[in-house]
Amino acid sequence: QERGDGGFFPRDGAEAFDVAGITDAVEIAADGEHACARSARGDVACWTGLEPVAHQVAGIHDATTIAGGASGLFAMTSRGELHRLASWGRPEWVFSTLVTSMPGATDLVVADGGVCGSTSRGVRSTCA
């Protein structure tokens, strides 16, 4: 697929690499500098492009979805809690911050300026 600069995806010269600590990812999200993976159990682990070693996000063991974009990385839990994720390459620098509650939201969309959750019927639940 052609990019706007005349190159092709994946980026010319880019090489795939394994991320240590990821063995059962069912979903991956990125925001340009960081990436996170959600396991089938609901655990979330994040890493940076500079150090491809994933570290567990403490306190999140029931994530139902993750999403990333210009406004950052986010995880939704089974309790309807929306968490902003942060990873700076070391285990003690991987954390989450509770942003808001979005009961009933099953999907996340991240765009410039915020993140929105929607229900399985596509009805907007809330934006933060």
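The values are calculated or read from the model by the stated rules, or taken from the named source; none is laboratory data. What you are looking at is a predicted structure, and each value in this text was computed from that prediction instead of being measured. Neighbour counts run over all protein chains shown; Cβ positions are idealised from the backbone, glycine included. For accessibility, only protein heavy atoms count, side chains too; no ligands or nucleic acids. Shrake-Rupley method; radii C 1.70, N 1.55, O 1.52, S 1.80 Å.
Checked against (1) touching a His at 6+ places or on another chain (Cβ under 6 Å); (2) at pLDDT 75 or above, Ala70 passes all but condition (1). For the stretch 97-120, the set of residues classified as polar (S, T, N, Q) and either in contact with a Cys (Cβ under 8 Å, 6 or more places away or on another chain) or without any contact (Cβ under 8 Å) to a residue 40 or more places away in the chain (or both) consists of Thr97, Thr100, Ser101, Ser118, Thr119, Ser120, listed by residue number. Note on the stretch 98-113: residues that are loosely packed, with under 13 Cβ neighbours inside 10 Å and either under 22 Å from Gly59 (Cβ atoms) or hydrophobic (A, V, I, L, M, F, W, C) (or both) amount to 3. Restricting attention to the stretch 37-86, the residues being among the hydrophobic types (A, V, I, L, M, F, W, C), open to solvent by 20 Å² or more (accessible area, probe 1.4 Å) and not in a strand (DSSP E or B) number 4. Would you mind telling me which numbered condition in (1) open to solvent by 20 Å² or more (accessible area, probe 1.4 Å); (2) over 16 Å from Phe17 (Cβ atoms); (3) not acidic (Asp, Glu) His34 fails? That leaves (2) as the condition not met. Evaluating Gly89 against the criteria (1) open to solvent by less than 50 Å² (accessible area, probe 1.4 Å); (2) among the small types (Gly, Ala, Ser); (3) at pLDDT 85 or above leaves one unmet condition, (3).
Residue check: is Ala58 in contact (Cβ under 8 Å) with a residue 40 or more places away in the chain and out of contact with any strand residue (DSSP E or B) (no Cβ under 6 Å at 6 or more places or on another chain)? So Ala58 fails the test. Give Ile22, Ile28 a once-over and let me know the one that is within 24 Å of Ser118 (Cα to Cα) and either at pLDDT 85 or above or surrounded by fewer than 22 Cβ atoms within 10 Å (Cβ to Cβ) (or both). Of Ile22, Ile28, the one residue that is within 24 Å of Ser118 (Cα to Cα) and either at pLDDT 85 or above or surrounded by fewer than 22 Cβ atoms within 10 Å (Cβ to Cβ) (or both) is Ile28.
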